[in-house]
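Input: a single structure, listed below in structure tokens.
None of the figures in this text is laboratory data; all of them are computed from the coordinates on show. Source: prediction; values computed, not measured. Cβ coordinates were reconstructed from backbone atoms using ideal geometry, including for glycine residues, and neighbour counts include every protein chain displayed.
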Amino acid sequence: MIAGPELVAKAREAGVEMRSKKTRTGPLPNKSPEEAEKLGLREMQQALSELVGRDVDFMIYESEEAALARAPGIVVPKE
């Protein structure tokens, strides 16, 4: 899961399907990389897939709180 209002806004502008009252994207599957590419996430998606040896899909949430309310996760600082 990735969280941030700026990235959600960028996803909306790119026409990415929104879910849950438009507070998160649908999955950005590794097998259909176009949306991840539009959002600048494709390189990271490919690297993570290679690292773990399986497809890695993303969902983008409006906030960390929204993401963690949906499922457990680990918060990794931006930088």
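Some values worked out for this structure:
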item	result
Charge dipole of segment 2-66 about the Cα centre (unit charges at C-beta), most positive-ward option of Val16, Leu39, Pro5	Val16
Computed magnitude of the charge dipole of the chain (debye, nearest 20; Cβ of K, R +1, Cβ of D, E -1)	300
Amide H partners (placed H, <5 Å) of Arg24, local residues excluded	Arg19
Length added when fully stretched, Ser32-Glu6, from 0.36 nm per residue minus Cα-Cα	7.1 nm
Signed unit charges on C-beta, dipole axis of the chain, positive-most listed residue Ala69, Ser49, Pro27	Ala69
Neighbourhood charge, 15 Å Cβ-Cβ cut-off, centred on Ser32 and excluding it, Lys, Arg +1 and Asp, Glu -1	-3
Prolate/oblate/rounded call for the chain, Cα gyration tensor, a/c under 1.5 rounded	oblate
J(HN,Hα) series, segment 4-19, from Karplus relation 6.51 cos²θ - 1.76 cosθ + 1.60, nearest Hz, glycine and proline x	x, x, 5, 6, 4, 4, 5, 5, 4, 4, 7, x, 5, 4, 9, 9
Under 5 Å, built H, 5+ apart or other chain: amide partners of Ala3	Tyr61
